[in-house]
Amino acid sequence: MQEFFDFFSFGYIQRALISGISIAIMCSLIGLFLVLRKQSLFGDAISHMAFGGIAIGTYLNIYPFWTAIIFSASSALAINKIRYYTKLNADSMVAVLLSFGLGIGVTLISMSDGFSVDLFSFLFGSILLVSYEDVLITVGMVIIVTSIIGLFFKKFIYVTFDEDQAKISGLHVEQLDYLFIVLVAVTVIVSMKLVGILLISSLIVIPNIASLMLNQGFKRTLFISIIISACSVFFGIILSYYFNTAPSGMIVLLSVGIFIAVIISKYFYQNINIFSNTSRIK
Amino acid sequence: MQIVKVSSVSFEYGSEKILDDISFNVDEGDFLGIIGPNGAGKTTLFFCMLGLIDGYNGEIKIFGEDIRRNKKILKQIGYIPQRKSIDTRFPLTIKELVSLSITNKSYVDNVDKVLRYVDLYDNRNKIIGQLSGGQQQRVLIAKALVNNPKMLMLDEPTNGLDQTSQDNFYLFLKQLNDEEKITIIWTSHDLDAVNRLSNKISCINKKMFYHGTKDDFFSNDNNLKKYSESQMQIHMHSHY
């Protein structure tokens, strides 16, 4: 037991838990809107764009965090603008973004010295290596993103629910869309440190689809999703420490485990209900 | 008092003419039924009137304002889209859904009031997907009424409802028009319902071939013949 409490006294564990849970909250918040817009893979696309942005930063010797944000947000905005005019499906545009980001990344890496350790940490995450400054940046970004979402909360819900009705009610749908894309880009890039580019959509999508299966109202769905996400991160980090595995993988496996548990519980709950109703009829 | 003036509105999508020189007026307190076959342009006409489509020729004035210049005027309209366009799996309680439409903080207290009015107050914490088709339609009405609109626009509101739900819904609309004095414009395929509810009728099939009182429309066999022919034309187009 003492060993368990000692675990929390390690500075790097404290930093990992604080930044991890902050990121879990932010990903659930942004992710619920993405899932409901049927753009679950948009986060994945942005993260691949970020890969291109990181490669640009590495190639030009600029801090990759900033090039990733600028490159992925501006590309996503441009692609969204193209979608408005061409009326192409969102999933097709996701495929374009995804390939474009990877294409740029791979090309620039092949022009430099190949893969570096840093690039691998962006690809697969390195939450146990976050510094005190990283924690400050992460928590700061989470506060900014959640405040902006909070400020426009009802408007974002309305646009997600029905774009046309939102327009009739006087909302500036296109501007809200652009703001949302920038928030997605910031969320994905801040979260990359935790689970890495390749696994980012797990934190954005899985807790939300598990929560949606419980058929609750919007605020409750969001709350449950945040709990699932935060628990996955918290216990994922603890388990990875004890089993000496990669935390990002453990976090993803745990969230998938919770998702499967929700499916099974729902199945049994419905069958028990049907069984008790049938007994009553008899 | 005239509150809607549609003047020579035409709209093309690509090379196809969807609306061709449509003109009509609506007075305060009217209950206007817009009839026409599928593909006649009824929903497109609604989208033009609601400011969702701007690229039309002609002019639409609502409450005296050109809606392309002043979209704020749309806040005085309650719009009820076709029910099939609503995502019933969206995680919103009825109360959350109705609250979404509020355009001014002073209407926040209206949420409970309109939910009682449509007899859904006791179900306010249910998810929209847990309701029957008739109840979902009443939620959409509540949502449209929450800002105290002067006019309601309904696009084929009874599509997919059973006969009892349809009849209840029609009674409810009549009550809104008679007692709350709300002007109503609605599109429908149901000629019988339009005859029972509306005082005016517009009949369109890309072009407008009738606009006037219900009594004139049904007393003239020529109008009914034209309406039947337009239905037939669309039917033929869909086959050939």
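Of everything in segment B:65-80, what is in contact (Cβ under 8 Å) with a residue 12 or more places away in the chain and more than 9 Å from chain A (Cβ to nearest Cβ)? Give them in sequence order. Please lay out each step first, then the result.
First pass over segment B:65-80, keeping only residues in contact (Cβ under 8 Å) with a residue 12 or more places away in the chain: B:67-68, B:71, B:74-80.
Correct list: B:67, B:68, B:76, B:78, B:80.
Looking at B:106, B:132, B:165, B:202, which one is among the polar types (S, T, N, Q) and buried (at least 21 other Cβ atoms within 10 Å of the Cβ)? First the steps, then the outcome.
Numbers: B:106 fails: buried (at least 21 other Cβ atoms within 10 Å of the Cβ); B:132 fails: buried (at least 21 other Cβ atoms within 10 Å of the Cβ); B:165 fails: buried (at least 21 other Cβ atoms within 10 Å of the Cβ).
Answer to the check: B:202.
Only one of A:31, A:20, A:52 is small (Gly, Ala, Ser), in a helix (DSSP H, G or I) and within 14 Å of chain B (Cβ to nearest Cβ); which?
Step by step, each of A:31, A:20, A:52 is checked, and only A:31 is small (Gly, Ala, Ser), in a helix (DSSP H, G or I) and within 14 Å of chain B (Cβ to nearest Cβ).
If we only count strands (runs of 3 or more DSSP E) wholly inside segment B:135-223, which ones have 3 or more residues that are free of Cβ contacts under 8 Å to residues at least 60 places away in the same chain?
On the way: elements: B:151-155, B:183-188, B:200-205, B:207-213.
Ranges flagged: B:207-213.
Looking for whichever is farther than 25 Å from residue B:50 by Cβ and modelled with pLDDT of 85 or more here; the options are B:170, B:121. Which one fits? Talk me through it step by step, then tell me what you get.
Values: B:170 fails: farther than 25 Å from residue B:50 by Cβ.
Testing whether each residue is farther than 25 Å from residue B:50 by Cβ and modelled with pLDDT of 85 or more leaves just B:121.
A quick yes/no check of all residues on (1) touching a residue at least 60 places away in the same chain (Cβ under 8 Å); (2) open to solvent by 50 Å² or more (accessible area, probe 1.4 Å); (3) in a loop (DSSP other than H, G, I, E, B); (4) within 12 Å of chain B (Cβ to nearest Cβ):
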{"site": "A:141", "(1), (2), (3), (4)": "yes, no, no, no"}
{"site": "A:179", "(1), (2), (3), (4)": "no, yes, no, no"}
{"site": "A:182", "(1), (2), (3), (4)": "yes, yes, no, no"}
{"site": "A:185", "(1), (2), (3), (4)": "yes, no, no, no"}
{"site": "A:210", "(1), (2), (3), (4)": "no, no, no, no"}
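Regarding residue A:215, is this residue among the polar types (S, T, N, Q), open to solvent by 60 Å² or more (accessible area, probe 1.4 Å) and assigned to a loop (DSSP other than H, G, I, E, B)?
Values: among the polar types (S, T, N, Q): yes; open to solvent by 60 Å² or more (accessible area, probe 1.4 Å): yes; assigned to a loop (DSSP other than H, G, I, E, B): yes.
Yes: the conditions hold for residue A:215.
Quick check on residue A:222: is it away from chain B (no Cβ under 14 Å) and assigned to a helix (DSSP H, G or I)?
Numbers: away from chain B (no Cβ under 14 Å): no; assigned to a helix (DSSP H, G or I): yes.
Judged against the criteria, residue A:222 is not a match.
Out of curiosity, is residue A:150 assigned to a helix (DSSP H, G or I) and either over 27 Å from residue A:64 (Cα atoms) or within 14 Å of another protein chain (Cβ to nearest Cβ) (or both)? Steps first, please.
Details: assigned to a helix (DSSP H, G or I): yes; either over 27 Å from residue A:64 (Cα atoms) or within 14 Å of another protein chain (Cβ to nearest Cβ) (or both): yes.
Spelling it out, residue A:150 is indeed assigned to a helix (DSSP H, G or I) and either over 27 Å from residue A:64 (Cα atoms) or within 14 Å of another protein chain (Cβ to nearest Cβ) (or both).
Between residues in segment B:81-92 that are more than 7 Å from every other protein chain (Cβ to nearest Cβ) and residues that are at pLDDT below 75, which pairs lie under 7 Å by C-beta distance while being six or more apart or on different chains?
Close Cβ pairs satisfying both conditions: B:83/B:160; B:84/B:160.
Tell me, please, whether a residue that is more than 11 Å from every other protein chain (Cβ to nearest Cβ), modelled with pLDDT of 90 or more and open to solvent by 10 Å² or more (accessible area, probe 1.4 Å) can be found in segment A:191-201. Steps first, answer last, please.
Narrowing segment A:191-201 to residues more than 11 Å from every other protein chain (Cβ to nearest Cβ): A:191-201.
Narrowing the set further to residues that are modelled with pLDDT of 90 or more leaves none.
No: segment A:191-201 contains no residue that is more than 11 Å from every other protein chain (Cβ to nearest Cβ), modelled with pLDDT of 90 or more and open to solvent by 10 Å² or more (accessible area, probe 1.4 Å).
In the set B:178, B:216, B:190, which member is under 16 Å from the mean Cα position of the chain (by Cα) and either modelled with pLDDT of 85 or more or of a type outside the set (S, T, N, Q) (or both)? Give the derivation first.
Working: B:178 fails: under 16 Å from the mean Cα position of the chain (by Cα); B:216 fails: under 16 Å from the mean Cα position of the chain (by Cα).
The match here is B:190.
For the condition part of a helix (DSSP H, G or I), out of contact with any Lys or Arg (no Cβ under 7 Å at 6 or more places or on another chain) and farther than 27 Å from residue A:244 by Cα, what is the one hit in A:12, A:85? Break it down into steps so the answer makes sense when it comes.
Values: A:12 fails: farther than 27 Å from residue A:244 by Cα.
Checking each option against the conditions leaves just A:85.
Return a yes/no flag: does segment B:113-134 have any residue that is within 18 Å of residue A:155 (Cα to Cα) and away from every other protein chain (no Cβ under 12 Å).
Just the residues of segment B:113-134 that are within 18 Å of residue A:155 (Cα to Cα), to begin with: none.
Within segment B:113-134 (the criterion being within 18 Å of residue A:155 (Cα to Cα) and away from every other protein chain (no Cβ under 12 Å)), the answer is no, since none of the residues qualifies.
From B:95, B:105, which residue is farther than 16 Å from residue B:134 by Cβ, more than 10 Å from chain A (Cβ to nearest Cβ) and among the basic types (Lys, Arg)?
From the options B:95, B:105, the qualifying one is B:105.
Please pick out the residue among A:97, A:128, A:136 that is open to solvent by 30 Å² or more (accessible area, probe 1.4 Å), of a type outside the set (Gly, Ala, Ser), in a helix (DSSP H, G or I) and in contact with a helix residue (DSSP H, G or I) (Cβ under 8 Å, 6 or more places away or on another chain). Full working, then the answer.
Numbers: A:97 fails: open to solvent by 30 Å² or more (accessible area, probe 1.4 Å); A:136 fails: in contact with a helix residue (DSSP H, G or I) (Cβ under 8 Å, 6 or more places away or on another chain).
None of the other options fit; the residue is A:128.
Can you tell me which residue within segment B:109-129, out of those that are of a type in the set (Val, Ile, Thr) and touching a Lys or Arg at 6+ places or on another chain (Cβ under 7 Å), is surrounded by the fewest Cβ atoms within 10 Å (Cβ to Cβ)?
Just the residues of segment B:109-129 that are of a type in the set (Val, Ile, Thr), to begin with: B:111, B:114, B:118, B:127-128.
Still in the running and touching a Lys or Arg at 6+ places or on another chain (Cβ under 7 Å): B:111, B:118.
Working: B:111: 22, B:118: 20.
For segment B:109-129, the residue satisfying everything is B:118.
Just the residues that are touching a helix residue (DSSP H, G or I) at 6+ places or on another chain (Cβ under 6 Å), modelled with pLDDT of 90 or more and open to solvent by less than 40 Å² (accessible area, probe 1.4 Å), please, taken from segment A:227-251.
Of everything in segment A:227-251, those that are touching a helix residue (DSSP H, G or I) at 6+ places or on another chain (Cβ under 6 Å), modelled with pLDDT of 90 or more and open to solvent by less than 40 Å² (accessible area, probe 1.4 Å) turn out to be A:228, A:229, A:230, A:232, A:233, A:236, A:237, A:240, A:250, A:251.
Within segment B:39-50, can one find any residue that is among the hydroxyl-bearing types (Ser, Thr, Tyr) and open to solvent by less than 20 Å² (accessible area, probe 1.4 Å)?
Going through segment B:39-50, the residues among the hydroxyl-bearing types (Ser, Thr, Tyr) turn out to be B:43-44.
Checking the rest, the ones that are also open to solvent by less than 20 Å² (accessible area, probe 1.4 Å) come to none.
The answer is no; no qualifying residue exists.
The values are calculated or read from the model by the stated rules, or taken from the named source; none is laboratory data. The structure displayed is predicted, hence computed values, not measured ones. Positions of Cβ are generated from backbone atoms using ideal geometry, with glycine treated the same way; all protein chains shown enter the neighbour counts. When the accessible area is computed, the model is the full protein with side chains, heavy atoms only, and any ligands, DNA or RNA have been set aside. Shrake-Rupley method; radii C 1.70, N 1.55, O 1.52, S 1.80 Å.
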